[in-house]
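Visitor: Can you keep this structure in mind? I'll have questions shortly.
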Amino acid sequence: MTKNSSENTEWPLWEVFYQPKDGKPFEHAGSVHAPDAELALQNARDTYARRNEGIAFWVVPSDQIVASSPEDQGPFFDPANDKPYRHPQFYSVPRAVKKRK
Amino acid sequence: MDSPEKLEEFQQRIDNGEKIEPKDWMPERYRKQLIRIMSQHAHSEIVGMLPEGNWITRAPSLKRKMVLLAKVQDEAGHGLYLYSGTETLGVKRQDLVEDYLYGNAKYSSIFNYPTLTYADICVIGWLVDGAAIVNQTMLAKSSYGPYSRANVRICKEESFHKKQGYEMLAKMADGTPEQQKMAQDAVNRWWWPTLMMFGPHDTDSPNSAELIKWGVKTKTNDELRQHFVDRMVMEAEAIGIELPDPDLTYNEETGHWEFGDIPWDEFWSVVKGDGPMNRERMKARRKAYEEGEWVREAAKEYARKKRLQDEKAS
Ligand SMILES: [Fe+2]
Ligand SMILES: [Fe+2]
């Protein structure tokens with residue numbers, strides 16, 4: 001071994017989001033390493049859009065992403081589980097109106 | 001330590017076909033195996049640029065040069081998707097790369113064979129990318145979300161790789177006697193190493209059962225290899241190329257092509273580092289990494305100075 005990781009020459013990690021088409025929401029593509037935001041965008045283009053897979057990009061330093069944790073998934077999403085009245089199926093409508101869709 | 005209840009719960013999720021995401025609980029060994037497999041896959045994509053890169057400057061036409069350049073660039077992309085996926089398991093890319101350049105990490109043996117003529121470029125596209133498609137189509141269903149998604153992305157690009165090779169090979173096989181000879185010679189040299197790409201027979205593959213149990217893989221080495229052979233026999237015939245195996249016979253009962261013994265001694269010697277190009281490949285990769293170091297440092301320093309300037313200005 002002539003090299004080891006005691007010296008860190010790695011560029012920071014950025015998460016890449018792309019918009020696949022006009023009007024579509026952005027999606028997570030993956031990540032790239034880059035020394036700054038400008039190069040992160042260029043690397044994102046070369047890595048994730050060689051065939052126009054994206055028409056626009058967001059790059060975000062990976063350590064700035066805050067994610068919900070899977071262990072709390074139950075309690076975290078609980079408040080949504082017992083509210084059927086948030087869905088239209090919860091309500092009844094006169095038959096005459098129902099027919100014409 | 002991984003408790004039996006947790007393991008049970010995890011297995012349940014796998015058996016239900018759920019995807020495992022980076023922050024989910026997973027057995028330590030699942031994480032280790034994934035890091036090993038995914039980084040090996042990434043290293044293979046990167047080193048795989050060398051045999052083909054060897055011919056970029058000597059492509060037979062401008063069109064073929066553009067095609068080869070685009071293909072090799074895709075392979076770099078594949079490596080990057082996979083490194084990116086591996087990093088979600090809590091490892092640093094630099095460590096992965098250095099473990100491969102200066103440590104023990106492996107890459108696919110197929111890239112330790114030389115590319116002697118341009119017909120080798122045709123045959124790599126057809127056979128090597130063809131085999132990669134079979135493997136990666138299976139891995140696109142892998143239980144680990146980031147690995148599965150990386151393979152989905154890869155698979156979208158691989159059919160171009162295979163088709164450009166197959167098309168070129170068909171042209172050569174239909175060309176002058178010299179071209180035909182070159183084409184056949186390249187197939188003769190690449191056929192057996194390609195069959196080895198699927199790994200040892202299931203009976204000699206100690207990791208397989210565990211990987212299948214955990215849904216990292218969904219098919220065994222022998223199943224994938226058989227699928228590949230069946231398809232390639234048909235494709236070879238269609239363009240008048242012969243596969244160099246006198247034992248190839250169609251089994252009416254199973255509906256599969258049976259093939260001869262794979263030269264496993266050669267496989268193990270290449271894995272252990274004694275293939276025709278192992279040393280050369282490692283040398284080229286280390287050189288690129290070491291000579292790129294000042295670029296990585298300079299770019300980092302430039303970014304740091306620019307940040308300082310921006311802070312001052314504001
Ligand atoms: Fe690839
Ligand atoms: Fe490929």
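Throughout, read-outs are computed from the coordinates displayed, never taken from laboratory work. Note that the structure is a prediction, hence the values are computed from the model and not measured. Neighbour counts run over all protein chains shown; Cβ positions are idealised from the backbone, glycine included.
Visitor: Only bridges with both residues in the protein assembly as shown count here: give the DSSP antiparallel percent, nearest 5.
Guide: Roughly 95 percent of the beta bridges in the protein assembly as shown run antiparallel, per DSSP.
Visitor: Going from the alpha-carbon gyration tensor of the protein assembly as shown, what semi-axes, largest first and in whole Å, does one get by taking the root of 5 times each eigenvalue?
Guide: 39, 30, 24
Visitor: Could you work out [θ]222 nm for chain A from helices alone, using -39500 (n - 2.57) per DSSP H run of at least four and dividing by all its residues? Round to the nearest 500 deg cm²/dmol. Don't jump to the answer; show the numbers that get you there.
Guide: Values: 3 runs with 22 residues, N = 101.
Taking each H run of at least 4 residues, the total per residue is -5500 deg cm²/dmol.
Visitor: Once you sort the root eigenvalues of the Cα gyration tensor of chain A as a ≥ b ≥ c, which label holds: rounded (a/c under 1.5), prolate (a/b larger than b/c) or oblate (the other case)?
Guide: Details: a/c = 4.92, a/b = 1.99, b/c = 2.47.
Cα axes put chain A in the oblate bin.
Visitor: To continue, here is another question. Would you mind telling me which residue in B:Arg149, B:Arg231, B:Arg296 has the biggest mean-square fluctuation in a Gaussian network model of chain B, where springs connect alpha carbons within a distance under 10 angstrom?
Guide: Result for chain B, Cα springs under 10 Å: B:Arg296 fluctuates most.
Visitor: Just how far, in whole angstrom, is region A:64-88 from region B:50-124 if you go by their alpha carbon centroids?
Guide: One Cα centre to the other: 43 Å.
Visitor: What ranking of B:Arg58, B:Arg281, B:Arg225 emerges when the number of other C-beta atoms within 10 Å of each C-beta is taken as an exposure proxy, fewest first?
Guide: Final ranking by Cβ density, sparse to dense: B:Arg58, B:Arg281, B:Arg225.
Visitor: Can I get the semi-axes of region B:266-314's equivalent ellipsoid? Compute them from the C-alpha gyration tensor as square roots of 5 times the eigenvalues, in angstrom, largest first.
Guide: On the way: eigenvalues 388, 16, 4 Å².
Working through the eigenvalues yields semi-axes of 44, 9, 4 Å.
Visitor: Starting from region B:1-67, pick out the GluC sites (Glu not before Pro) whose DSSP state is loop and whose Cβ has at most 16 other Cβ atoms within 10 Å.
Guide: B:Glu18
Visitor: State the three equivalent ellipsoid semi-axes of region B:96-228, derived from the C-alpha gyration tensor as the square roots of 5 times its eigenvalues, in descending order and whole Å.
Guide: Its equivalent ellipsoid spans semi-axes of 29, 16, 15 Å.
Visitor: For a quick check, take a GNM of chain B with Cα springs below 10 Å and name the residue from B:Lys287, B:Lys23, B:Lys300 with the largest mean-square fluctuation.
Guide: Result for chain B, Cα springs under 10 Å: B:Lys300 fluctuates most.
Visitor: Can you tell me what percent of all Cα-Cα pairs in region B:40-93 are more than 15 Å apart?
Guide: Above the 15 Å cut-off, region B:40-93 has 50 percent of its Cα pairs.
Visitor: Then there's this: For n ≥ 4 DSSP H runs only, could you compute -39500 (n - 2.57) per run for chain B, divide by its residues and tell me the 222 nm figure to the nearest 500?
Guide: -21000 deg cm²/dmol
Visitor: Applying the Karplus parametrisation 6.51 cos²θ - 1.76 cosθ + 1.60 with θ = phi - 60° to the phi angles of region A:66-80, what ³J(HN,Hα) value in whole Hz is obtained for each residue in order, glycine and proline being reported as x?
Guide: Each residue's phi maps through the Karplus curve to give 10, 10, 5, 9, x, 5, 8, 3, x, x, 5, 9, 3, x, 7 Hz.
Visitor: Taking all pairs of different Cα atoms in chain B, averaging 1/r and flipping that mean, what Kirkwood radius in angstroms comes out?
Guide: That comes to 21.3 Å for chain B.
Visitor: Also: How large is ³J(HN,Hα) for each residue in region B:4-13, as worked out from phi by the Karplus curve 6.51 cos²θ - 1.76 cosθ + 1.60 (θ = phi - 60°), to whole Hz, x for Gly and Pro?
Guide: Each residue's phi maps through the Karplus curve to give x, 5, 4, 4, 4, 4, 4, 4, 4, 4 Hz.
Visitor: Between B:Trp264 and B:Ala209, take the C-beta separation as r, use R0 = 25 Å, and let me know the FRET efficiency to the nearest 0.05.
Guide: For B:Trp264 and B:Ala209, the calculated efficiency is 0.80.
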